[in-house]
């Protein structure tokens, strides 16, 4: 059976194109040369009709064994590439350490500037820091530090800086610098990117997780037993920390 169609892009002369096979016509449809409104005719038909009026337009063409095999392989590869790999306790802990090192450096610079401005006693802060290094379990050091003029103001501002750090990085990039370094990121349970609202909500939930440190850090330790490696704040905010997808490499000829 021979098929013809009217090429409306031709403005002069015979616009009829053909003859073609049905497979060629379907290829033209895929390429956009033939649309639903394109006039088409084949031997045996009385009049020209739009392509959408032909039953062949709604039929699914049968695939060859080679095409079926190719589609199956592509599906399997895509499924493997898209499979989520949840980030475990140790990689998340390392990312958190990196983030806190960054925040510590910024904090040290900030309190030094406050010292130069006369807003805090640097010598007193340095002495408290030395005592903390010698005895980090001392419960009196925090109260002593807060008695130093300007330190309570520093902690207030510093708490705000930390909140901005985690909220902004998670909302904009889905990961803090520590997470980006270790190629992990935070996403919603459905795989979508965190919105600003969810980023704020997750940070607030993380404060609840931090409060579990008095219970041996159970809010963090549940990462070790949960199949999806979720901490308490991930349960609350319905988020997941996953490894970045592995970029598919170009196929090499063997």
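Residues in segment 130-151 that are surrounded by 12 or more Cβ atoms within 10 Å (Cβ to Cβ) and over 23 Å from residue 214 (Cα atoms): 148, 150, 151. Residue check: residue 47 meets all listed conditions (1) part of a strand (DSSP E or B); (2) loosely packed, with under 10 Cβ neighbours inside 10 Å but one, namely (1).
Considered as a group, the residues in segment 1-34 that are out of contact with any strand residue (DSSP E or B) (no Cβ under 9 Å at 6 or more places or on another chain) and assigned to a loop (DSSP other than H, G, I, E, B) include one that is modelled with the highest pLDDT, and that residue is 32.
Every test in (1) in a helix (DSSP H, G or I); (2) touching a helix residue (DSSP H, G or I) at 6+ places or on another chain (Cβ under 8 Å); (3) at pLDDT 95 or above is passed by residue 197 save one, and that test is (2). The conditions of being in the same structural domain as residue 152 (by TED's automatic domain parsing), in a helix (DSSP H, G or I), without any contact (Cβ under 8 Å) to a residue 40 or more places away in the chain and surrounded by 13 or more Cβ atoms within 10 Å (Cβ to Cβ) are not met by residue 107. Of everything listed in (1) buried (at least 17 other Cβ atoms within 10 Å of the Cβ); (2) touching a residue at least 12 places away in the same chain (Cβ under 8 Å), the single unmet condition for residue 169 is (2).
The values are calculated or read from the model by the stated rules, or taken from the named source; none is laboratory data. Note that this is a predicted model, so its numbers are computed, not measured. Don't worry about glycine lacking a Cβ; one is built from the backbone with ideal geometry, like all the others, and counts go over all protein chains shown.
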